[in-house]
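Student: Pasting a structure here, questions to come.
The values are calculated or read from the model by the stated rules, or taken from the named source; none is laboratory data. Remember, predicted model here, so these are calculated numbers, not experimental data. Cβ atoms come from the backbone with ideal geometry, glycine included; neighbour counts cover every protein chain shown. What goes into the accessible areas is simple: the full protein's heavy atoms, side chains included, and nothing from ligands, DNA or RNA. Shrake-Rupley method; radii C 1.70, N 1.55, O 1.52, S 1.80 Å.
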Amino acid sequence: MSVDKQTVAKIASLARIKMGDDELEQMVPELNAILDWVEQLGEVDVTGIEPMSAVIPNALRLRDDVVDADPKTGGGKRDAVLANAPAAEHGFFGVPKVIE
């Protein structure tokens with residue numbers, strides 16, 4: 001696939017980027033080089049290789065989700081918090097329906 005000046009102008013217009021003629025001319029070879037590189041990536045044989053989201057293995061550090069019922073440290077105040085809510089339903093904040 002090859003990109004010309006008119007295609008770059010259309011892309012700039014869709015992206016709401018104002019570009020002069022000299023900038024458009026400058027972007028043509030850059031976008032063509034990017035597209036050539038993407039085509040080269042498509043030629044690489046990746047059979048048997050699992051997709052990955054990062055180069056190094058990452059593990060999330062999780063903690064136990066425990067409700068603190070001690071009112072001195074912040075737990076056990078559901079009724080006091082919901083007393084300020086405009087609408088409370090079944091121990092939760094009531095919110096208006098937003099489905100159209």
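Student: What's the Kirkwood radius of the chain in Å, using all Cα pairs?
Tutor: Kirkwood hydrodynamic radius for the chain: 20.9 Å.
Student: At 222 nm, what value in deg cm²/dmol follows for the chain if DSSP H runs of at least 4 each add -39500 (n - 2.57) and the sum is divided by all its residues, to the nearest 500? Mind dumping the intermediate values first?
Tutor: Details: 3 runs with 37 residues, N = 100.
Rounded to the nearest 500, it is -11500 deg cm²/dmol.
Student: Still on this model: Rolling a 1.4 Å sphere over the protein heavy atoms, what is the accessible area per residue of segment 7-57, to the nearest Å²?
Tutor: Each residue of segment 7-57 exposes 89 Å² on average to a 1.4 Å probe.
Student: How far is helix 5-14 tilted, in degrees, relative to the longest principal axis of the Cα atoms in the chain, given as a value from 0 to 90 rounded to the nearest 10?
Tutor: With both axes taken from Cα atoms, the answer is about 20 degrees.
Student: Using a 1.4 Å probe over the heavy atoms of the protein chains, calculate the carbon and sulfur portion of the accessible area of the chain as a whole percent.
Tutor: The C+S portion of the solvent-accessible surface of the chain is 58 percent.
Student: Return the sequence-ordered ³J(HN,Hα) values of segment 22-33 in whole Hz as given by the Karplus equation 6.51 cos²θ - 1.76 cosθ + 1.60 applied to θ = phi - 60°, using x for Gly and Pro.
Tutor: For segment 22-33, the Karplus curve yields 5, 5, 5, 4, 6, 7, 4, x, 5, 5, 5, 5 Hz.
Student: Efficiency by 1/(1 + (r/R0)^6): what FRET value for Lys5 and Asp45, r their Cβ-Cβ distance, R0 = 35 Å, to the nearest 0.05? List each step's numbers first, then the result.
Tutor: Numbers: r = 35 Å, r/R0 = 1.01.
Approximately 0.50, to the nearest 0.05.
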